[in-house]
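Data block below; observations after.
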Amino acid sequence: VVPERGDRRFNDEQWQENPVFDFLKQLYLLQSKTIMKMVHEADGLSDHARQKVEYFTRQYVNAVSPTNFAALNPEVIRKAIETGGGSLLQGMEQLHEDMEASVKGALNVAMTDTSAFQVGRNLATTPGKVVYQNDLMQLIQYTPSTGKVYQRPLLIVPPFINKFYILDLREKNSFIKWLVDQGHTVFVISWINPGPALRNKDFTTYMQEGPLDAIKAIEKATGETEVNAVGYCLGGTLLAATLAYLKKKKLEPIKAATFMATLTDFSRPGEIGVFINETAIASLEKQMETLGYYDGRQMAFSFNTLRENDLFWSFFINNYLKGERPAAFDLLYWNTDSTNLPAAMHSFYLRNMYLNNLLVEKDAIELDGVKLDLRQIKVPTYFISTAQDHIALWQATYTGAQLM
């Protein structure tokens with residue numbers, strides 16, 4: 001028996017050449033594949049129940065891999081011998097640091113060398129300035145880099161579960177810089193990282209103090225009453241709701257909209273669906289009632305368990321068992337820079353979108369007294385999705401595109 005394609009846990013040559021480690025590897029793979037096959041073929045389970053059982057079984061199966069134990073991993077043993085045990089000592093020190101920085105009940109493993117990056121120094125360096133701010137966001141206007149610019153400004157609405165600068169990591173991979181270099185006058189919303197004081201900010205408030213306030217601020221900054229808009233991930237969901245709201249109000253300041261990896265139809269929520277059920281949401285609401293917000297570190301941990309071998313156990317082995325420092329990687333630095341969510345907004349979002357999928361229903365969601373109908377949106381829209389996305393499945397984003 002051999003590891004599945006893409007499984008890098010057993011790449012060390014000792015897993016093939018040493019009969020003891022080869023035996024451990026094959027025994028583990030046979031048992032784990034058998035267990036997963038039994039769960040997959042179990043009778044009497046609904047699709048959602050099967051997904052949950054498979055998820056939790058997979059967590060167990062991958063947790064007990066011999067690669068995750070110091071005495072059973074040849075790379076770890078070799079490193080410990082070479083360093084006289086120093087690697088294990090260093091690993092325990094790093095584990096202590098990460099536990100101190102983690103949210104209660106979840107270990108947030110350091111994925112990158114956080115000291116290697118600083119926002120504004122070597123991340124998010126495209127020139128610009130804040131031209132407006134309110135309780136929920138700052139609006140950044142970027143400095144033109146071309147002699148002439150398009151008359152109509154471009155507004156980008158990022159997700160409020162992440163920081164905006166995934167779109168402006170470094171010069172070579174900055175979407176924002178590329179847009180500026182094409183002659184666009186770019187405005188980007190930078191959402192606040194909320195604490196308990198913003199517990200009552202709901203989805204309606206995010207629309208009003210997000211894209212709607214941004215459009216007014218753009219008119220003040222440029223004199224233009226019309227914008228094009230880009231919505232990314234949850235920012236795209238908010239943009240779609242805003243378009244439907246404006247349509248009912250007989251307003252059309254947004255003349256065209258682009259949606260990047262955006263769900264509007266939540267009937268296929270991807271692997272995150274394992275966390276979406278009445279019991280889980282009610283438990284989360286009770287926790288948010290106490291805190292006033294949903295801790296972004298907890299969400300990051302949950303998302304990492306959707307790709308546990310790549311986003312948790314590989315770093316667990318590297319950091320704690322081998323005592324190595326994680327490499328500097330801009331995308332992973334952004335990934336660990338998490339953002340909290342206000343209790344009222346997150347509860348509304350989970351129940352109305354993920355649990356009950358009401359955004360696709362006519363007049364089922366009401367924002368500021370206006371009932372939304374995505375089918376009434378008439379402005380040109382463009383959807384882009386990615387084949388490997390396990391949060392916003394392309395099949396689901398495509399269904400949403402058909403609504404408009």
With all protein chains in place and a 1.4 Å probe, ASP113 shows an accessible area in Å² (nearest 10) of 50 Å²
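Under 8 Å for C-alpha pairs, at least 6 residues apart: give me the relative contact order for the chain, rounded to a whole percent.
Computed value for the chain: 21 percent relative contact order.
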Counting only DSSP beta bridges with both residues in the chain, tell me the antiparallel percent, nearest 5.
45 percent
Output the 0 to 90 degree angle, nearest 10, between the alpha-carbon long axis of helix 47-63 and the longest principal axis computed from the alpha carbons of the chain.
50 degrees
As a test question: what accessible area, to the nearest 10 Å², does HIS40 have when a 1.4 Å probe is rolled over all protein chains in place?
110 Å²
If R₀ is 22 angstrom, what is the calculated FRET efficiency for the pair ALA221 and SER145, using the beta carbon separation as r and rounding to 0.05?
0.80
Cα-based reach from LYS163 at 28 Å (exclusive), listing lysines while leaving out same-chain residues under 8 positions away
LYS104, LYS129, LYS172, LYS177, LYS201, LYS216, LYS220, LYS255, LYS286
Give me the aspartates and glutamates in straight-line cross-link reach of LYS148: C-alpha distance below 14 Å, same-chain residues under 8 apart excluded.
ASP181
Which value at 222 nm does the chain reach when only helices count, each DSSP H run of 4 or more adding -39,500 (n - 2.57), with the total divided by all residues and rounded to the nearest 500 deg cm²/dmol?
-11500 deg cm²/dmol
Give the separation of the Cα centroids, region 275-340 to region 5-24, in Å.
28 Å
Between VAL227 and residues 5 or more places away or on another chain, the pairs with built amide H atoms under 5 Å apart involve ILE254, LYS255
Aspartates and glutamates whose Cα lies under 12 Å from that of LYS362, excluding same-chain neighbours fewer than 8 positions away
ASP373
How many lysine pairs does region 1-103 hold where the Cα atoms are under 22 Å apart and the two sit 8 or more places apart or on different chains?
5
By accessible area with a 1.4 Å probe, ligands and nucleic acids excluded, highest first: order of PHE266, PHE23, PHE301:
PHE23, PHE301, PHE266
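For Cα pairs less than 8 Å apart in space and 6+ apart in sequence, what is the mean separation divided by the residue count of region 30-172, i.e. the relative contact order in percent?
Here the relative contact order equals 12 percent.
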Can you tell me how much longer the chain between ARG78 and ASP22 gets when fully stretched, taken as 0.36 nm per residue apart minus their C-alpha distance, in nm with one decimal?
18.5 nm
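The values are calculated or read from the model by the stated rules, or taken from the named source; none is laboratory data. Worth saying up front: this structure is predicted, and the values here are computed from it rather than measured. Neighbour counts run over all protein chains shown; Cβ positions are idealised from the backbone, glycine included. Quick note on the areas: whole protein, heavy atoms, side chains included, nothing else; ligands and nucleic acids left out. Shrake-Rupley method; radii C 1.70, N 1.55, O 1.52, S 1.80 Å.
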